[in-house]
Amino acid sequence: MQSSNQEKLNAFLSKGGAIFAAEIFVSNQRLVRHTLKEKWTNIVPILEVKIGKLIQHHNTPDDILTRKGPLDYFLISMNKDAVEAHSHVERLASSVYEEIFAEDPFLEGLQISISAHHITTEKLADMSALKELLFGTENSDGWSATISKKNYSSFRPERVQHKLLRHIIGLQSVCETLLSEIHPLPDAADNLTAHHGRLARLSEASNIVNTNIASLLDRQADAPVSKAPEPVDPEPIPEPKTQAPPKSGLEKDLHRIIGDDASLVYFPIWDVEQQLVNSYRAAIIRQIPTGPVELNTGTETSIAAYKIDQLVMRKVIEDITDFAGEEDGFTFVMPLHINTIQSKEHFSKVELGLKSLSIVERRALKVEIVGATEYTTAATILALINKIKVYCSGVGFRKPNGLEVSPQFRKMGITHTGFHIEDIALENINVGQEIEKLGYTAEKANLVSFIYGIDTVADSAQAIGAGIKFLGGEAIGSPLETPWGTLPFAVESLYSRVLAN
């Protein structure tokens, strides 16, 4: 094995180029070691054999695997660019988790941490020099990922879609060949027989192509749907899977106040700059015959805003205690209506829940003021911010149409501002112009911008072009019962989500 790796390295060094190495380390061992106790020392060698074999099985011919220590490896990729190498390692780590850890209740708490290292080939004479260089490296080049029970499915390749795409590309080349075979109609009558023969053959070939396409689409429609979340980066944000039943008391109150068709959910929010989904906005949706509809607290509803706020607050408080302080570092976004904050009676109930949060839990919470009007004064906004800023890490302001973003927002303590598409659409305003205006004015005021209710790729593209920092809506991901943690999400995910649907 060692000589084989040296041969690979020599062959690469003779041509030159960049080497990407990824450290693959099985982390979170303390939890599992505490559960298994003395058995852990016997399990580690077995795991190392399984993991080593699995990585070697998935390796490409140009890859080199070397062991740094117990459950700690370096995978060295040659003849790959950075994007390709990162994708390969993430998918490989996902396979390791799925095949070794996922099905074992004692091992599912383990995680696989990955960090990347860019290696220069200068003075790299042999494997010993390469190992010395890698093992002495303390910091990565910045790219890192953690594969765990919550997100390992996100990194798996979506085999069906890729296979379908390859078949369609193959059929496309056949179609182009068929079209090239069609000749102009001959002038001489005696040549029509041969021409008709060519058209008949093309017609037969065309029928074969149509049949193949229909068959592919039928197989795609009949393919079993996985219970795991849909892949991310470049695949879409995971769809919700079956979760544990909601808290009975909260569910009972939700159905009594809103209706049996109501659900408390989280909308994933995409951090465009970091290419991550790292925030989740709490909301209530109702299942109507045409599909799920958000109960938008930013606009007038038939249900008092404080009732909606109290239900959403209870949902966030229950979930944030389970997730706050985890390595993922994502945040909860809780909308709070301006009328609720201004009412001493109604805000006291919300404040009671917020006071129960620890410092760590408050760092994981952002509160967004909704329901303001264009006539809401700066003094009113400042008073609202002062009442809630001690309970969260940031205060957002969902601005109404007609109220311009101002540099004063930041001085008042607002950290991010934006709007919900529905707020604008209900007033028949030009949504595109409002998106452009928000991007320009927020940047000028040095504020983070957001837009919710993004349900189309067109709106997403326009928002990205306008420099909006955070996007949320069906185009990004369907509502989830509980957050999925911090997940990679690139621009390509918008389109693959549309294709998957």
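Where helices (runs of 4 or more DSSP H) fall wholly inside region 383-473, the ranges with 3 or more residues that are in the same structural domain as ALA372 (by TED's automatic domain parsing) and within 23 Å of THR331 (Cα to Cα) are 408-412, 431-444, 457-465.
Annotation note: Cβ proximity below 8 Å between a residue of region 18-34 that is more than 15 Å from ASP72 (Cβ to Cβ) and a residue that is among the small types (Gly, Ala, Ser) and at pLDDT 80 or above (sequence gap 6+ or interchain) occurs for LEU31/GLY109; VAL32/GLY109.
Let's see how each residue does on (1) modelled with pLDDT of 85 or more; (2) surrounded by fewer than 16 Cβ atoms within 10 Å (Cβ to Cβ); (3) touching an Asp or Glu at 6+ places or on another chain (Cβ under 8 Å):
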| residue | (1), (2), (3) |
| --- | --- |
| GLU7 | no, yes, no |
| ASN10 | no, yes, no |
| ILE19 | no, no, no |
| ILE46 | no, yes, no |
| ALA93 | yes, no, no |
| ILE100 | yes, no, no |
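Among the residues of region 72-87, is any at positive phi and either over 26 Å from the mean Cα position of the chain (by Cα) or assigned to a helix (DSSP H, G or I) (or both)? Yes, because at least one residue in region 72-87 is at positive phi and either over 26 Å from the mean Cα position of the chain (by Cα) or assigned to a helix (DSSP H, G or I) (or both).
PHE74 meets the stated requirement of being surrounded by 16 or more Cβ atoms within 10 Å (Cβ to Cβ), among the hydrophobic types (A, V, I, L, M, F, W, C) and over 15 Å from LYS50 (Cα atoms).
Reported count of residues in region 434-462, each being crowded, with 19+ Cβ neighbours inside 10 Å, free of Cβ contacts under 8 Å to residues at least 60 places away in the same chain and touching an Asp or Glu at 6+ places or on another chain (Cβ under 7 Å), is 0. Flag set for LEU336, criterion: at pLDDT 90 or above, assigned to a strand (DSSP E or B), out of contact with any Lys or Arg (no Cβ under 9 Å at 6 or more places or on another chain) and farther than 30 Å from SER27 by Cβ. In region 292-316, the residues that are within 30 Å of ARG363 (Cβ to Cβ) and aromatic (Phe, Trp, Tyr) reach residues that are crowded, with 20+ Cβ neighbours inside 10 Å and at pLDDT 75 or above with C-beta atoms within less than 6 angstrom, at least six apart or across chains, in these pairs: TYR306/THR340. Inside region 463-482, residues that are surrounded by fewer than 23 Cβ atoms within 10 Å (Cβ to Cβ) and either within 15 Å of GLU273 (Cβ to Cβ) or of a type in the set (Gly, Ala, Ser) (or both) make up a count of 6.
The values are calculated or read from the model by the stated rules, or taken from the named source; none is laboratory data. Computed from a prediction, not measured in an experiment: that's the story for all the values here. Using ideal geometry, Cβ is built from the backbone for each residue, glycine included, and neighbour counts are taken over all protein chains shown.
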